[in-house]
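Everything below concerns the one structure shown next.
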Amino acid sequence: MFKPQVKVCGLTNVAEAVGCSLLGVNAVGFVFYSKSKRNVTKKKAREIVCNLPDNVRKVGVFVNESFTDIINTVKYCNLDAVQLHGYENNDLVNHLLKTKLIVIKALFLEKEPSLKKVVNYDASAYLVEHGKGKLPGGNALEWDWNKSKEFGAKHPFIIAGGLSPENIYEAIQKSLPDAVDVSSGVEFYPGRKDLDKVKKFIEIVSNCNIHGIKVKKIF
């Protein structure tokens, strides 16, 4: 059955993270990037993680951080996966893989590293988004998701950028992703999740059954 996994990113408090886990998300993300409106401290992320069940993957989002800084955060917060959203090289990816982490590398349509640069990486999976806007993330901008479909046929990938309950069905139909990553599309304001929107988002994803498509497990 075609049912992409769901990651909700940019969690900043315990109640909403626990709420997301009860609604059935596969993963939650914590942004360790100081310029992001969803930036969270290591102390707060650790508190949230301690309240989440083991079956929900905990993902740290980093931008151009060193191996040492990433691993220190991973250990302190007890994370399962890392998402690299900058210009990280494959040496870093491989070092992180050796620690048994799930390693996700972000690639972009409109900036570097582009989708073509996938040949330079050995990541567990790839997060694909448009790449417009001032910040490394999706910047709440919709894009032509169909442009990632060919990439996804060859690589395990997560689609992100501008997703919401209103457009997720269309985005999945066009891109056929293995997982979807949502943040601003299910928020009251940056960093605060609307659990009703999260519920609706998950329900729509759960009903996206496409004959003959098999999802590659990421989380």
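The values are calculated or read from the model by the stated rules, or taken from the named source; none is laboratory data. Keep in mind that this is a model prediction, so the values were computed, not measured. Quick reminder, even Gly has a Cβ in these numbers, built from the backbone with ideal geometry, and neighbours come from all protein chains shown.
ALA15 - would you say it is in contact (Cβ under 8 Å) with a residue 24 or more places away in the chain and either over 30 Å from LYS149 (Cβ atoms) or crowded, with 20+ Cβ neighbours inside 10 Å (or both)?
So ALA15 does not fit the description; no.
Scanning region 136-177 for residues that are assigned to a loop (DSSP other than H, G, I, E, B) and buried (at least 24 other Cβ atoms within 10 Å of the Cβ), which turns out modelled with the lowest pLDDT?
GLY138
Look at GLU88 and say whether it is touching a residue at least 24 places away in the same chain (Cβ under 8 Å) and either in contact with a helix residue (DSSP H, G or I) (Cβ under 7 Å, 6 or more places away or on another chain) or on the phi < 0 side of the Ramachandran plot (or both).
yes
What are the pairs, 6+ residues apart or on separate chains, where a residue within region 19-44 that is under 22 Å from PHE201 (Cα atoms) and in contact (Cβ under 8 Å) with a residue 24 or more places away in the chain has its Cβ under 6 Å from a residue that is among the aromatic types (Phe, Trp, Tyr) and crowded, with 19+ Cβ neighbours inside 10 Å?
Cβ pairs passing all conditions: ASN26/PHE219; ALA27/PHE219.
Checking ASN78 against (1) surrounded by fewer than 19 Cβ atoms within 10 Å (Cβ to Cβ); (2) closer than 24 Å to LYS37 by Cβ; (3) not basic (Lys, Arg): exactly one of these is not met. Which one?
(2)
Residue by residue through region 177-219, note down the ones that are in contact with a Leu (Cβ under 8 Å, 6 or more places away or on another chain) and among the charged types (D, E, K, R).
Answer for region 177-219, where residues must be in contact with a Leu (Cβ under 8 Å, 6 or more places away or on another chain) and among the charged types (D, E, K, R): ASP181, LYS193, LYS199.
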